Amino acid sequence: MEALRGDRRYTYTDYYSWDDGKRWELIDGIAYDMAPAPSQEHQTVSGELFVQFHNFLKREKTCKVFYAPFDVRLDPDGKDDTVVQPDILVVCDDAKLDGRSCNGAPDMVIEILSPSSTRHDRVRKLEVYQRYGVQEYWIVDPVSKSVQVHILENGHYGTKVYAETEEVDVHTLDGCSIRLSDVF
């Protein structure tokens with residue numbers, strides 16, 4: 001995934017004004033096109049993860065789960081030049097929600113790999129989510145049927161990999177675990 005909107009830096013104000021019908025993300029002011037549309041496999045995995053989180057949170061009512069496209073402004077009080085659209089996110093602080101976006105780091109983010117997004121999700125977004133304090137970041141790989149779970153400790157991610165036969169305890173949601181056999 002390469003920067004596609006010229007060589008200038010953009011802010012959320014610029015981003016919000018674009019009406020070209022494409023999905024964009026901004027990272028440090030650089031615009032990235034989110035095309036192509038996700039595959040059927042990507043959407044199936046995303047849907048199952050969303051359902052499991054939704055069903056847990058429906059009972060707990062402590063946090064909210066959202067799915068793409070939903071803007072996350074990681075630095076709304078600073079340069080406001082980093083806006084991402086994670087596949088799934090969990091927000092436990094209602095004050096961060098303004099009706100159209102999450103303002104600040106969500107508690108948890110999930111990205112599902114696609115051939116065009118692998119480097120973007122594994123390198124660029126990993127660094128950005130760590131820098132802005134996302135407590136838990138999952139990278140889901142439908143091809144290898146595995147999940148990399150990154151937990152933020154002392155400003156850096158510790159990582160553990162889970163296989164499709166395992167169950168993952170969600171660090172940011174006490175009592176929540178996700179059965180990967182249902183996901184894949």
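The values are calculated or read from the model by the stated rules, or taken from the named source; none is laboratory data. For clarity, every value in this text was computed on a predicted model and none was experimentally measured. When we count neighbours, we look across all protein chains shown, and the Cβ atoms used for this are built from the backbone with ideal geometry, even at glycine.
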Go over the candidates SER144, SER116 one by one and state the one that is polar (S, T, N, Q), within 14 Å of GLU25 (Cβ to Cβ) and either out of contact with any Ser or Thr (no Cβ under 9 Å at 6 or more places or on another chain) or assigned to a strand (DSSP E or B) (or both).
SER116
Tell me the residue from ARG9, ARG23, ARG73 that is touching a residue at least 40 places away in the same chain (Cβ under 8 Å) and over 28 Å from ASP141 (Cα atoms), please.
ARG9
TYR15 at pLDDT 90 or above, within 21 Å of ASN103 (Cα to Cα), touching a Leu at 6+ places or on another chain (Cβ under 6 Å) and part of a helix (DSSP H, G or I)
yes
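Residues are listed down the side, and each one gets a yes or a no for (1) buried (at least 16 other Cβ atoms within 10 Å of the Cβ); (2) farther than 28 Å from ARG59 by Cα:
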position	(1), (2)
ARG131	no, yes
GLN135	yes, no
HIS150	yes, no
THR159	no, yes
ASP169	no, no
Hey, among ARG122, ARG100, which residue is farther than 15 Å from ILE88 by Cβ, of a type outside the set (A, V, I, L, M, F, W, C), surrounded by fewer than 20 Cβ atoms within 10 Å (Cβ to Cβ) and within 12 Å of the chain's Cα centre (by Cα)?
ARG122
Subset of the stretch 66-78, residues more than 11 Å from the chain's Cα centre (by Cα) and surrounded by 14 or more Cβ atoms within 10 Å (Cβ to Cβ), comes to ARG73, LEU74, ASP75, PRO76
Identify, by number, the condition in (1) in contact with a strand residue (DSSP E or B) (Cβ under 7 Å, 6 or more places away or on another chain); (2) free of Cβ contacts under 8 Å to residues at least 12 places away in the same chain that ASP81 doesn't meet.
(2)
What is the residue count in the stretch 33-65 for residues that are under 16 Å from ARG23 (Cα atoms), out of contact with any strand residue (DSSP E or B) (no Cβ under 8 Å at 6 or more places or on another chain) and crowded, with 17+ Cβ neighbours inside 10 Å?
0
